[in-house]
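Undergrad: Please read through the structure below; I'll follow up with questions.
Every number in this text was worked out from the coordinates using simple rules, so none of it is lab data. Since the model is a prediction, treat every value here as computed from it, not as a measurement. Backbone-built Cβ (ideal geometry, glycine too); neighbour counts: all protein chains shown.
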There are 2 protein chains.
Amino acid sequence: MSHHTTGKSLFLGSFIHSKSLDELEYLHNSAVCVDGNGVIVAIEKDYDLKKAEETLFPKLGWSVGDVTVKTTKSGQFFFPGFIDTHIHASQYPNAGIFGKTTLLDWLNTYTFPMESSLSDASKAKKVYTRCIQRTLSNGTTTASYYATISVPSTNLLADLCFEYGQRAFIGRCCMDTLSPDFYRDETPATALADTRATISHIAKIDPSHSLITPIITPRFAPSCTSELMHGLGALQKETDLPVQTHIAENPKEVALVKELFPKHESYTHVYDNHGLLGPKTILAHAVHLSEAEVDLIKEREGKISHCPASNSAITSGTAKVRWLLNKGVEVGLGTDMSGGYSPSILEAVRQASLVSRHVAMGGEEEAKLSIEEVLYLGTKGGAKVVGLGDKIGSFGVGMEWDTQLIGLGSVDGDMGFGDEGPVDIFGWETWEERIAKWVYNGDDRNTLAVWVKGRLVHERKG
Amino acid sequence: MSHHTTGKSLFLGSFIHSKSLDELEYLHNSAVCVDGNGVIVAIEKDYDLKKAEETLFPKLGWSVGDVTVKTTKSGQFFFPGFIDTHIHASQYPNAGIFGKTTLLDWLNTYTFPMESSLSDASKAKKVYTRCIQRTLSNGTTTASYYATISVPSTNLLADLCFEYGQRAFIGRCCMDTLSPDFYRDETPATALADTRATISHIAKIDPSHSLITPIITPRFAPSCTSELMHGLGALQKETDLPVQTHIAENPKEVALVKELFPKHESYTHVYDNHGLLGPKTILAHAVHLSEAEVDLIKEREGKISHCPASNSAITSGTAKVRWLLNKGVEVGLGTDMSGGYSPSILEAVRQASLVSRHVAMGGEEEAKLSIEEVLYLGTKGGAKVVGLGDKIGSFGVGMEWDTQLIGLGSVDGDMGFGDEGPVDIFGWETWEERIAKWVYNGDDRNTLAVWVKGRLVHERKG
């Protein structure tokens, strides 16, 4: 069996996923068949092992001896892997370290020195390895990563994601102005050449982008010259690759962009006018957008990564997610580690719920997001944001098996206190209540196993 | 050795605690001696085992063979136990379950049915046991508990805290009006008699209140008649016991109090006019207080329990902690489980930081609380709120050893990935940065051991 193929698998038991923004579907006593390419080839309700072997396998042309079977124990369930639509792998060592800073001084104090230091390959390897292990163990099956400006270090992140089996978008950071001397692209031309170098590297390790995709990454407008952004826009047109950047995170940043790009109607227009706003563009934060900007994003089919933990931690503001959703824009969740303190999308799910309540307390009562809605943002919504809505984020025939197995602790269980993680199930809870308990108190201890494209990429010990 | 005495102990290594609101003291290579009553009898800097045995023990009249020694490993540190100034033990099974409710419908939908059901002794035992295990394992050495209206069930909570060794204030809930028929004190007289019954029970198990103290607990003004509150005020005067209740959590509750008590100047005056506001009163929430009310609380030396996770979760509002502190009122932290979703004060510490940032984003930039400040609230501040500022909450000669041993994970460590908990230390972090990482990503896995009054009450396996 080669590195990235798996055998045939049958998964049995409970499957829970987003049917729509405000509805979770609960499939119990069900069967899901996944072929050797990690693709779901059957989903059937009211199935057990015997029935699957007798009726499903023959239909699929499978023989019993060739199939690995995994059945949920009582209370466990399969859930789509989380999708982190915005994360800086290179900032992992700073998770939790931000003091009282806000965006612009945070970049200079903590972020640029750390990113710059990862030109040291051994340090980069240690940091990226741990970041991938952590995010996988927290159920992140797909991550849209920012690396650093260094090509070897960025390529290493691609290699490591491929090796560990995490689906990833890999962005070499482009930044040729207003950045410190020790950490800046020399010219627009070198920035473009370096971006192409990472694209070429990924084409070698994963030519079909089955797992790893390069993503064009102008850091954000203030750190890019117009020439560089025009070049990156042209590169996008040439390659049809996705784009990621930051937008309207912080009021001072918004003011700075206005000052730096006085001829452009808005921050959003800066990207649009450089060919960087399209259906494959992921805009992180989107906290301080005007209605006209959201309309333009919707028109271009641009996507938004909501980063609630980050926005609260470094005091950026409260994104109006309900408003964005009502406007018809696709929204996913990002940890934005280390502006966000946590590598966990479950924490982002929780924070999205809490931040929506802060928006509600500001007077917009309908802003409150439900458990169903925040889980949608972390899975199916995120899949659409990274352009993989037809492949991952929920369960369906023809989709790929990017999944986590969730187990919650039982007060009456036979494991000792604490061994089953932070969630205590007493036994009388409904399934909806179990999900709420998981969302609010769960952590990586509840993510018992993780698969990407059918391959088991993480399993909890014990 | 009897149940609640311990041997002599020497603790060696790193000790970190709040010196003041905005300063943590870092004591490295230090020694702390704790006598058989759990009282700290010596704290010395620049000490190792040899020096302690040679110079400290003789001074204390201790012999080497009688002393248990515990030394921090590299990177570990002793930290004061957390103090939860507001927690409903009886709501533990509902942690994380609150939907989109706000205070008043949350009470009727989730809370009263659960609390009422704990009149079943076996259910109460299961719930309270798990609550105590959870909070201890999260480093909560002292908790100010609300139980239910049931005397046997409330007394059971006292028994269990005593047995597990958690320092606790135990409140039987008083509520004789505006509560459901199935869950209400019959008359003011029965409510007072039942309150006395719990006071008598605790006098039997812990006459000196060395660990367990009864606390007079009018649930909140809307669920208490004036007659009951007058009775409880008189009982406080008679017994000098502490009082806990809720105040100004939610705008609708504030309006309701205004309607129910039209002759009183404010919500705060309702308690004050019934003899329930004094230096031993813990007021939970205090989100929607007027300046005059805060002035009155300050004048009476009343204390405030800030419950940030709860206030965000059930959309109560954002308490202005900086303002309360500037006014000179003592503030501690409460989980307010299950209005708050988490039994962990570390989570409350984190949420206090985040909520203060939401207040700052509302325009009061100075509202932002530092790491040092939120840790103060969870320890030394909380100790003052529960009236034990001279006994617990920080390290000092004559104070009691209520302590947690904290360990953070090392990326280079010899344990496997994930076994050391959620915090990754790369090795180059300063102590201040380690503390920040713990505050933002730590959990019960980092609380390796917990002592109350010198007794080891929790130790992590593995």
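Undergrad: Quick one: length gained pulling B:Lys123 to B:Arg460 fully straight, 0.36 nm per residue minus the C-alpha distance?
TA: That pair, B:Lys123 and B:Arg460, stretches by 118.7 nm at full extension.
Undergrad: Highest mean first, what order results for A:7-20, B:257-270 on Cβ atoms within 10 Å?
TA: A:7-20, B:257-270
Undergrad: Hey, any idea what Rg/Rh is for chain A, computing Rh the Kirkwood way over Cα pairs?
TA: 0.97
Undergrad: Using a label point 7 Å beyond Cα on the Cα-Cβ vector, give me the inter-copy distances for B:Lys237 in nanometres, one decimal, shortest first.
TA: Reported distances to equivalent positions: 8.5 nm.
Undergrad: How would you rank B:197-209, B:298-310, highest first, on the average number of other Cβ atoms within 10 Å across their residues?
TA: Highest-to-lowest ranking by the protection proxy: B:298-310, B:197-209.
Undergrad: Can you give me the angle between helix B:151-164 and the longest principal axis of chain B, using Cα atoms only, in degrees from 0 to 90, rounded to the nearest 10?
TA: With both axes taken from Cα atoms, the answer is about 10 degrees.
Undergrad: Quick one: compute the contact order of chain B, relative version, from alpha carbon pairs under 8 angstrom and 6+ residues apart, as a percent.
TA: It comes to 19 percent, rounded to a whole number.
Undergrad: Specify the angular offset, from 0 to 90 degrees and rounded to the nearest 10, of the alpha carbon long axis of helix A:226-239 from the longest principal axis of the alpha carbons in chain A.
TA: 40
Undergrad: With the crude spin-label approximation of a point 7 Å out along Cα→Cβ, what separation in nm comes out for B:Lys258 versus B:Asp390?
TA: Here the answer is 4.2 nm between the modelled labels.
Undergrad: Would you compute the Debye intensity of the stretch A:218-260 from its alpha-carbon atoms alone, equal scatterers and no solvent, and pass along log10 I(q)/I(0) at q = 0.16, 0.24, 0.28 Å⁻¹ to two decimals?
TA: Taking Cα atoms of the stretch A:218-260 as identical point scatterers yields -0.46, -0.84, -0.99.
Undergrad: Further question: Just how large is the dipole of chain A about the Cα centre, in debye to the nearest 20, putting +1 at every Lys and Arg Cβ and -1 at every Asp and Glu Cβ?
TA: Result for chain A is approximately 640 debye, rounded to the nearest 20.
Undergrad: Could you tell me the center-to-center distance, by alpha carbons, between the stretch A:181-250 and the stretch B:84-150 in angstrom?
TA: 52
Undergrad: Beyond 47 Å, what share of the Cα-Cα pairs of the protein assembly as shown is found? Please give it as a whole percent.
TA: Taking all Cα-Cα pairs of the protein assembly as shown, the fraction more than 47 Å apart is 26 percent.
Undergrad: What nm distance separates the two modelled labels at A:Glu364 and B:Lys51, each placed 7 Å from Cα along Cα→Cβ?
TA: 5.9
Undergrad: Assuming R0 = 41 Å, what is the FRET efficiency of B:Lys298 and A:Thr109, from their Cβ-Cβ distance, to the nearest 0.05?
TA: Efficiency computed from Cβ-Cβ geometry: 0.65.
Undergrad: So, one more: Short version: what are the Cα gyration tensor semi-axes of the stretch B:165-301, square root of 5 times each eigenvalue, largest first, in whole Å?
TA: So the three semi-axes of the stretch B:165-301 are 25, 18, 13 Å.
Undergrad: For the pair B:Lys19/B:Leu60, report the inter-label distance in nm, with labels modelled 7 Å from Cα in the Cβ direction.
TA: Going by the 7 Å Cα→Cβ label model, 2.4 nm.
Undergrad: Find, among the trypsin sites (Lys or Arg not before Pro) in the stretch B:422-462, those assigned to loop by DSSP (not H, G, I, E, B) with at most 13 other beta-carbon atoms within 10 angstrom.
TA: Counting only loop positions with at most 13 other Cβ atoms within 10 Å, the trypsin sites (Lys or Arg not before Pro) in the stretch B:422-462 are B:Lys461.
Undergrad: Which ³J(HN,Hα) values, rounded to whole Hz and listed in residue order, are derived for the stretch A:359-369 from phi using the Karplus coefficients 6.51, -1.76 and 1.60 in 6.51 cos²θ - 1.76 cosθ + 1.60 with θ = phi - 60°, glycine and proline given as x?
TA: These are the phi-based 3J(HN,Hα) values: 4, 4, 5, x, x, 9, 4, 6, 5, 4, 9 Hz.
Undergrad: Moving on. In nm to one decimal, list the spacings between the B:Pro180 label point and its equivalents in the other copies, with label points set 7 Å along Cα to Cβ, shortest first.
TA: Result, one decimal in nm: 5.9.
Undergrad: Still on this structure, I have one more. Could you please state, rounded to a whole Å, how far the C-alpha centre of the stretch A:372-410 is from the C-alpha centre of the stretch B:259-325?
TA: 44
Undergrad: Considering every residue in A:150-159, what mean count of other chain Cβ atoms within 10 Å of its Cβ is obtained?
TA: Partner Cβ neighbours, averaged per residue: 0.
Undergrad: Partner chain Cβ atoms within 10 Å, averaged over the residues of A:89-101 - can you pull that number for me?
TA: 5
Undergrad: If you don't mind, another one. Percent of Cα-Cα pairs more than 26 Å apart in the stretch B:61-208, please.
TA: So the pairs more than 26 Å apart make up 35 percent of the total in the stretch B:61-208.
Undergrad: If you count, for every residue in B:352-365, the Cβ atoms of partner chains within 10 Å of its Cβ, what is the mean?
TA: Numbers: counts 0, 4, 10, 3, 3, 9, 11, 0, 3, 11, 4, 0, 0, 3.
Mean shielding count: 4.
Undergrad: For B:Gly427, place a label point 7 Å from Cα along the Cα-to-Cβ direction in every copy; what are the distances to the other copies, in nm, shortest first?
TA: 4.9
Undergrad: While we're looking at this one, here's another question. Near the axis that takes chain A to chain B, which A residue has its beta carbon closest, and at how many Å?
TA: Of all Cβ atoms in A, the one closest to the rotation axis yields A:His358, 3.
Undergrad: So, one more: If neighbour count is taken as other Cβ atoms inside 10 Å, put B:Tyr376, A:Tyr47 in order from fewest to most.
TA: A:Tyr47, B:Tyr376
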